[in-house]
Amino acid sequence: MNKEQIYINVAAQIKAVIEGETNVIARMATVSCLLSEAFADFFWTGFYIVDEEKPDELVIGPYQGSLGCLRIAFGRGVCGTAAATGQTQLVDNVHDFPGHIACDSRSQSEIVVPVFNQAGNLMALLDIDSENPANFDEIDRRHLEQITDAAFRFKSGCL
């Protein structure tokens with residue numbers, strides 16, 4: 001199967017598992033698990049959640065992989081940049097990214113997708129790291145944005 005087909009299959013699995021589930025943490029745990037299992041080159045797959053008590057910080061959420069950073073300030077590193085801009089960050093070489101935070105030295109490339117709630121407010125980020133340089137592309141961006149939109153804005157028929 002090629003990358004496109006894997007995304008189509010995993011999106012269908014995610015939709016089936018989370019259908020009817022309203023708990024956001026359960027949805028995040030499911031998305032991170034199924035994406036991690038679907039792609040062997042995703043060594044860290046998980047979420048950073050906007051902290052309600054410190055709305056300019058992200059706190060670690062459900063994930064698959066090695067220990068992640070516990071907190072990340074908006075504007076700092078790849079995740080903080082995605083949080084501050086509200087835009088997906090696709091980074092071919094994390095070592096070239098200004099202010100990159102090395103939570104795990106194995107990380108070579110990264111994609112971070114902002115996750116918005118039903119009201120359109122930033123609620124979290126989906127962060128995926130790979131040990132391979134330039135591992136992510138526009139196919140990843142498109143599918144991951146569609147998956148997070150469907151899973152967290154609760155729109156039917158999007159997955």
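Values as computed for the structure displayed
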quantity	calculated
Neighbours by Cβ (under 7 Å, 6+ apart or cross-chain): first from segment 1-23, over 11 Å from I147 (Cβ atoms); second among the β-branched types (V, I, T) and surrounded by 10 or more Cβ atoms within 10 Å (Cβ to Cβ)	K3/I139; E4/I139; V17/T30
V91, sole failed condition from (1) among the β-branched types (V, I, T); (2) under 16 Å from T148 (Cα atoms); (3) out of contact with any Gly (no Cβ under 6 Å at 6 or more places or on another chain)	(2)
Output for segment 17-29, where each listed residue is surrounded by 15 or more Cβ atoms within 10 Å (Cβ to Cβ) and not hydrophobic (A, V, I, L, M, F, W, C)	R27
Selection from segment 1-16 of residues that are buried (at least 16 other Cβ atoms within 10 Å of the Cβ) and of a type in the set (G, A, S)	A11
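None of the figures in this text is laboratory data; all of them are computed from the coordinates on show. Please read all numbers here as calculations on a predicted model, not as lab measurements. All Cβ positions, even for glycine, are placed from backbone atoms using ideal geometry, and neighbour counts span all protein chains on display.
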